[in-house]
Amino acid sequence: MSSSFQASILVASPSHPNSVAWSEENLVAVASGHIVTILNPAKRFGSRGLITIPPGKPFSVGLIERKDLLSDCMLHIALSRDSSPQEKQYRENRPCVRSISWSPIGFASNSGCLLAVCTTEGHVRLYRMPFLEFSTEWVEVMDISNMLYCYLKTTNFQAANFRVSEGADPSQACFDEGDDDDLPISIMRKELKRRRLNALPVMEVKACSQKQKNTFTAPHLGSRFSKKVFGDGCQSLITAEEYASRNAMLSSLIVAWSPCLPQTSGCGISSANGLTSSCSVLAVGGKSGVLSLWRIHKPESYSIMNSPDSNKTVLVGLLDAHDTWITTISWSLFISDASDPLLLLATGCSNGSVKIWQACCRRLVESSEPSGSPFSLLKEVKAADFAMATMVSLTVSGQSPNKMLLAIGKGSGSIEVWTCDILLRRFEKAGTYDSHNHAVTGLSWAFDGRCLYSCSQDDSTRCWILYENSLCEVPIPSNTPGVEGSADVPDAFCSCLGLAVSPGNLVLAVVRAFSTALLNPMYEARALKAAVEFLWIGGQQLEISSTVCPDFDVKIFPDFPEKELISWENNILWSLNQHEPLDKPLVVWDVVAALLAFKQSIPKYVEHIVLKWLKSSVGVSANLSEAIKCLSEISSRKLQLLNIISKLVVLKKVETDKLDGKSQLLEVIGGAEDERLDWTQLHSNSEMELRDRLVGYSFTVFLDVTSASHGKGTKPGYWVPIGTAQMEQWVAIHRKDIKNHLKLLADEVRTIKKSQRPSFCEYVEKEECSFCSASVPFDSPDSAICRGVKCDTGNDPTHKLSRCAVSMRICPIAPVWHCMCCQRWASILAPSPIFRMPGYPSDFKSNTDDEHPKPWCPFCGIPLKKLLPEFLLSPSFV
């Protein structure tokens, strides 16, 4: 039985499957009742973010005749909008959260993630973190449902006239405890009987035209119902079937963001491999069986100041996917040298059918109107038992790049697995397995498709691995490194309602609802509704049988089984290697947390893992002195990872287990003084290497702009060097330690400045204090000391000022970007080429094709954020 290392209590219990989502910036969102709770897994008792779901205003879709009001296709709509006393006694008049999905990182105006929320009223909205508002309530940035309604209205709802959607599968009722469209049968019968007895005694005639003479409103049905059915003002008369079809088109059930779309330089910015990521597709499935596809672009620039949320949004297609309700969606990305990048999509519906679609990423990027769906059908998997598809999970195997893996979770509790050779379009069924006793509510591939996690309403969480084209169950690791489980959360759960895997795949979050029958009715049952449990899965077994012998002495690690230690080592190294792609910042919270947890009890094991990773990254023996000499040959991404590990793991003081009432501090792995000095020197030289590259690139772009050879500096969005005067002073101070190439660039910059007019080039020998306007000398690239006498600082007039990590200039008083790892500040953002350098370049001009700034720390590679007070939620990247 797996044990959680921490848990967080929720104020309400989720009522729908897949109720938890883990973002790429390390935030966990949970759909619980009428709110969405956003947590930071690194701060269990820290601040939380909230999204309170507002009631949605019904859309005006047309007018119907009185005789059609109680027709079969209109009955459930009428009941869902009735405000009768019986209904008020049954439930509160506010919508619940049905589905949530995080965007990829970089789509919010502060470079964070957007959260898509779908409610039981069928409305879809996008939210961002309130980094400007200083509030716990997240900020709405876009209403997708309103945009869809505006589009359908301009086309006279032609796109909605596919069919009258069939009713949902009855098994859906087990998830719709707060749904507006699922009232008890007794209330439905009472309402129908009451309406027949009243016989609509009071009617108001719409005097719009002779054709609409028999069009009425029913006052006793409430103003919301009247507006929804009959509209506001004069509209064309439609049939009940047309109204039901239009209503189904606007009734959303599920949302899902795709991965970032790679695109060539012809469609956007080019990167090192010819691809970049600037947009994503948001899929919204509803009761009509039609999938609306929205291409949403990243902001043109990022800011932590008062700037509008400017995400360009385009409806690129309406996919007629199913004949009934769409209940689940999953995305994956396939990149191959043999073909253009493909976006893969899996959709499941209430009759159990699952379809797999594909679309060319280039076509999705270039599409500008929803004239036709860019997706084509690859495969349809029909359900023999017609059990609803509650979950689908789609991924591309990391071991076989051309292999796609599809897992389908059913309302019956079974799991069906398919494999596909994408290039050959050849599908094979790996089998159907009776995995759970109740509906599958969570399904997620992990470790590049090597294992599959599932959870169910029967309160079970299981792990599976695909071995020889069959699914085999393996236990979830039960040992917790460094810390004990959460004893303050009672083990009184009755169901699991979703799971999610951390960005590094080392932690699993599971949402579980409490059983009121197992809780103390006086103290616990009133407050405990549900909880999010976090499980360590870094020691997950990924093979049925393994003959790998450990390359360390297992006798010195008696607290952990040998197999789990081997798995922890392999999975941590795998997670670190997953950060090689350069289109994302570094988010390594789970890796750092795992290493620190092991460091408390078995530091020698951490030393072994770190040195093994260093050896594979540097390509030399595990000798720190040799690694220091090879830093110029290491990529910028690996240098940034090295800075994080050395600063936060190796050199960090951690409190070990208390012995005899005294806590011991472990300062450095190994504990030897000479080893501590080697790690300190390695960390210092690594940062020096990265600063050398940043200064060299800045000088090169400065020379390029001043010579007007390209003119890129004049284009909006391109990076322009600032602070070259401070960089020259830094070069002069460290002239003995920097490379000859950088010395030549500095001399060339000085010559250009002397030959140009002073007004043309920025050249400031001294800076002024932001507070007292006193002169501030340049002593350090990270900070400055003002010794002016104009500041009211007490007896000592000196005070410390922060310098920008990119330009080395003194930071202004206005809010600036902050790195939570190295605690540096940045008033401007660093150019993207410095993050992609495979080593110290022989010529910086070869790296100036893409000068767009990145909101990442140039020394740690993690996202830069606005520093918020402790009482507000903020993500932890390390």
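The values are calculated or read from the model by the stated rules, or taken from the named source; none is laboratory data. Source: prediction; values computed, not measured. Don't worry about glycine lacking a Cβ; one is built from the backbone with ideal geometry, like all the others, and counts go over all protein chains shown. Surface accessibility is based on the protein's heavy atoms, side chains included, excluding ligands, DNA and RNA. Shrake-Rupley method; radii C 1.70, N 1.55, O 1.52, S 1.80 Å.
Some values worked out for this structure:
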read-out: The listed residue being touching a residue at least 24 places away in the same chain (Cβ under 8 Å) and open to solvent by 40 Å² or more (accessible area, probe 1.4 Å), out of Lys355, Lys382; value: Lys382
read-out: Residue list for region 602-632, filter: open to solvent by 50 Å² or more (accessible area, probe 1.4 Å), at pLDDT below 90 and in a helix (DSSP H, G or I); value: Lys604, Lys615, Ser616, Ser625, Glu626, Lys629
read-out: Residue in region 762-770 that is on the phi < 0 side of the Ramachandran plot, among the polar types (S, T, N, Q), open to solvent by 70 Å² or more (accessible area, probe 1.4 Å) and modelled with pLDDT under 90 present; value: no
read-out: Residue within region 792-800 that is within 44 Å of the chain's Cα centre (by Cα), at pLDDT 85 or above, open to solvent by less than 50 Å² (accessible area, probe 1.4 Å) and on the phi < 0 side of the Ramachandran plot present; value: no
read-out: Per-region count, region 809-828, residues aliphatic (A, V, I, L, M) and crowded, with 21+ Cβ neighbours inside 10 Å; value: 2
read-out: Unmet criterion (only one of (1) assigned to a loop (DSSP other than H, G, I, E, B); (2) modelled with pLDDT of 75 or more; (3) open to solvent by less than 50 Å² (accessible area, probe 1.4 Å)) for Gly717; value: (2)
read-out: Residue under evaluation Pro41, criteria (1) of a type outside the set (Val, Ile, Thr); (2) open to solvent by 10 Å² or more (accessible area, probe 1.4 Å); (3) out of contact with any Pro (no Cβ under 8 Å at 6 or more places or on another chain), criterion not met; value: (2)
read-out: Residue within region 359-379 that is hydroxyl-bearing (Ser, Thr, Tyr), in contact with a Gly (Cβ under 6 Å, 6 or more places away or on another chain) and buried (at least 17 other Cβ atoms within 10 Å of the Cβ) present; value: yes
read-out: Subset of region 809-828 [assigned to a loop (DSSP other than H, G, I, E, B) and in contact with a Ser or Thr (Cβ under 9 Å, 6 or more places away or on another chain)]; value: Arg809, Cys811, Pro812, Ile813, Ala814, Val816, Met820, Arg824, Ser827, Ile828
read-out: Checking Glu851 against (1) within 31 Å of the chain's Cα centre (by Cα); (2) modelled with pLDDT of 90 or more; (3) of a type outside the set (Val, Ile, Thr), the condition it does not meet; value: (2)
read-out: Neighbours by Cβ (under 7 Å, 6+ apart or cross-chain): first from region 728-756, modelled with pLDDT of 90 or more; second open to solvent by 70 Å² or more (accessible area, probe 1.4 Å); value: Glu728/Arg750; Lys743/Arg735
read-out: Those residues of region 91-135 which are β-branched (Val, Ile, Thr) and farther than 22 Å from Asp583 by Cβ, in sequence order; value: Val97, Ile100, Val117, Thr119, Thr120, Val124
read-out: Residues of region 488-508 satisfying the condition of being assigned to a strand (DSSP E or B), among the small types (Gly, Ala, Ser) and either surrounded by fewer than 23 Cβ atoms within 10 Å (Cβ to Cβ) or without any contact (Cβ under 8 Å) to a residue 40 or more places away in the chain (or both); value: Ser495
read-out: Top-ranked residue of region 100-112 - restricted to ones that are surrounded by 24 or more Cβ atoms within 10 Å (Cβ to Cβ) and among the hydrophobic types (A, V, I, L, M, F, W, C), ranked as nearest to His16 (Cα to Cα); value: Ile100
read-out: Boolean, Ala814 is closer than 20 Å to Ser686 by Cβ and of a type outside the set (Ser, Thr, Tyr); value: no
